[in-house]
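Working notes, structure below.
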Amino acid sequence: MDEIKALRDQMAKMKSSLDSYAIINTHLMHTVIKERSKGLNRLVIGEIILIPFLCLFFFGLCYVLDMSMWIAITMAVGCIISAIFDFKTVRVPSKLIGQLSLRDFKAYLLRQKRQRAIQMPIELPRSVIWLAWFLLEYIGNYKLFGDIIVDNTTKFIAVGVVIIIAIVGIAVIYLSIQDTNNRMIWEIEAMEGKNPAPKSPDTQQ
C-alpha cells in the first residue's frame, strides 16, 4: 500500500510539474505573439491616423488645381473602406491573445490570412486604376504646367513607372504582413508539436 501511495504521489507531482510547464510555455508564447503583432497593430493605427491628412491634401490639391473633386472623394472612400477591412484582417487585438486558447488563436490567424488573400486582388486593381486616373489628370493639368505640352507617350511611361513602384511597395507590405502571420502560426504549431521541422519561417527562403 505504501508503494502504491508513493507512486500516486510521484504521479501527482509529475502532473503538477507538467501543468506548470504548460502554463509557462503558454505564457511565453503569448509574449512572443504580442511582440510579433505590435508591428501589425502599429501599421493599422498609422493608416488610420494618416487618412485625415491624405483627405485634406487631395481635397486641397483638387480645389487649387481645378481637378475633379471625384478624385479626392473616391480616394477618401477607398482609404476608409480599406482601413475598416485592415482593422479586421491585419490588426491583432491584445485581449484576444490572452482570452483565446492557442488552438483558437491559430484559427483566428488563419482566417485573417485567408481574408487578406481575398482582399488584396480586390483592392489592388482599384488602387491602380485610381492612381492612373490621378496621374493623368495631374500631368495634364494646365494650372500646374501651363502651356507645356506633354506627349501621350511620356505620360503613359511616367504613369507606368509610378504604378509599378506603387505595386512593388504594396506587394512588399502585403508579403511582410503574411510573413509575420506565418511566423506566429509556425510558432504555435511548433509548441503543439505539429511542426517538427528545425527551420522556422525566419530562416526559410
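Where a number appears in this text, it was derived from the coordinates with a stated rule and is not lab data. Just so we're clear, the structure is a prediction, and the values are computed from it rather than from any experiment. Ideal geometry is used to build each Cβ from the backbone, glycine not excepted, and the neighbour counts take in all protein chains shown.
Annotations for the structure displayed:
- Shown in residue order for the range 171-185 are the 3J(HN,Hα) couplings computed by the Karplus curve 6.51 cos²θ - 1.76 cosθ + 1.60 at θ = phi - 60°: 5, 4, 5, 4, 5, 5, 5, 5, 5, 4, 4, 5, 5, 5, 5 Hz (x for Gly and Pro).
- Longest to shortest principal axis, alpha-carbon extents of the range 47-132, angstrom: 55, 24, 11
- FRET efficiency, 1/(1 + (r/R0)^6) with R0 41 Å, evaluated for ASN152 and ALA117 via beta carbons: 0.65
- Using a Förster distance of 35 Å, the FRET efficiency for ILE73-ALA190 (Cβ separation, nearest 0.05): 0.15
- Across the range 117-132, computed HN-Hα scalar couplings (Karplus, 6.51 cos²θ - 1.76 cosθ + 1.60, θ = phi - 60°) run 5, 7, 5, 4, x, 8, 6, 4, x, 5, 5, 5, 4, 5, 5, 5 Hz from first to last residue, x flagging Gly and Pro.
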